[in-house]
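The numbers here are math on the coordinates, done by the rules we state, and not lab data. Here the structure is a predicted model, which means the values were calculated and not measured. FYI the Cβ positions are ideal-geometry reconstructions off the backbone, even for glycines, and counts take in every protein chain you see.
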Amino acid sequence: MAESAYKAMSRVFGIVLPAIGVGAMVGGSFAHRFVADQLASEDITIPESKVIARELKIGLIEPEDAEQLAPHAGETLSNGPQARIYADNYVLAHMKVAADRAGVPADRATYAGVGDLASELTDELKAELKQDHPEMGPGEIAGLARMEIQDPETDYELARKISQLQQLRSENFFMGNAIRGMLLNAYGWWLVGLVARVAGAALVSIGSVLGFVGFRRGRR
């Protein structure tokens, strides 16, 4: 009785598992093609070796970044691992350097962190303006602060610093995070496709073994 049940289960799984496995492999291949097509439309190329060496020399990237980029120098992004390397070892590296050169602490070198720092400095600027213009009310001080921040020839050092931070936040972190988000999303889908293909191959293998055992015993 037990042997008959085992044979029946082996036959069922010998058919079902390969079918599921083939579906998973097809889905995984589709995910990889989809990622490749999306990256191709962006036409992003990893810098050439000489560019990587130059940026390493002037401090735009770290040695570990150069080490990751070097094997793919000059390649146009076409798969998940390339997208992740470009996002983490090139785009993010440049974002960190820009923040450091702007005097942003490493623990605040994020889109939100830079915005909070700019807000804190704006409060300090308002306090400084209030000292210089005690006759002005809060609304007038706030308006004057905005004018000073937008004035490239302002006499207030804080206003110039805030303007720099706002530019860093909008041009560096906002755009950088948008690019990184797209690339890491591509990497995530590529990884899902890889898992699906590996799992599918495993299911096909297991199902084939079960089917062989089940049907072979059945013939006996």
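Could you give me the residue pairs with C-beta distances under 8 Å whose first residue belongs to the range 107-120 and is under 16 Å from residue 162 (Cβ atoms), whose second residue is exposed (fewer than 15 other Cβ atoms within 10 Å of the Cβ) and of a type in the set (Lys, Arg) wherever it lies, and which are 6+ apart or on separate chains?
These pairs meet every condition: 114/108; 116/108; 117/108.
Out of 158, 168, report the one residue that is in contact (Cβ under 8 Å) with a residue 40 or more places away in the chain and under 30 Å from residue 95 (Cα atoms).
168
Among all residue pairs at least 6 apart or on different chains, which show Cβ distances below 6 Å where the first residue, located in the range 32-46, is farther than 21 Å from residue 176 by Cβ and the second is among the hydroxyl-bearing types (Ser, Thr, Tyr)?
Note: pairs meeting the criteria are 36/78.
If you check residue 184 against the conditions, is it surrounded by 13 or more Cβ atoms within 10 Å (Cβ to Cβ), touching an Asp or Glu at 6+ places or on another chain (Cβ under 9 Å) and under 30 Å from residue 26 (Cβ atoms)?
Yes, satisfied.
Out of 23, 80, 113, I need the residue that is surrounded by 17 or more Cβ atoms within 10 Å (Cβ to Cβ) and within 28 Å of residue 193 (Cα to Cα). Which one?
From the options 23, 80, 113, the qualifying one is 80.
If you go through the range 127-136 one residue at a time, do you hit one that is crowded, with 19+ Cβ neighbours inside 10 Å and free of Cβ contacts under 8 Å to residues at least 40 places away in the same chain?
Yes, some residue in the range 127-136 is crowded, with 19+ Cβ neighbours inside 10 Å and free of Cβ contacts under 8 Å to residues at least 40 places away in the same chain.
Taking the criterion of being under 30 Å from residue 185 (Cβ atoms), in a helix (DSSP H, G or I), touching a residue at least 60 places away in the same chain (Cβ under 8 Å) and touching a helix residue (DSSP H, G or I) at 6+ places or on another chain (Cβ under 7 Å), would at least one residue in the range 70-78 satisfy it?
No: zero hits.
I'm told residue 50 meets every condition in (1) in a helix (DSSP H, G or I); (2) under 25 Å from residue 190 (Cβ atoms) except one. Can you identify the failing condition by its number?
(2)
Only helices (runs of 4 or more DSSP H) wholly contained in the range 88-171 count here; list those with 1 or more residues that are charged (D, E, K, R) and within 30 Å of residue 66 (Cβ to Cβ).
Answer list for the range 88-171: 92-101.
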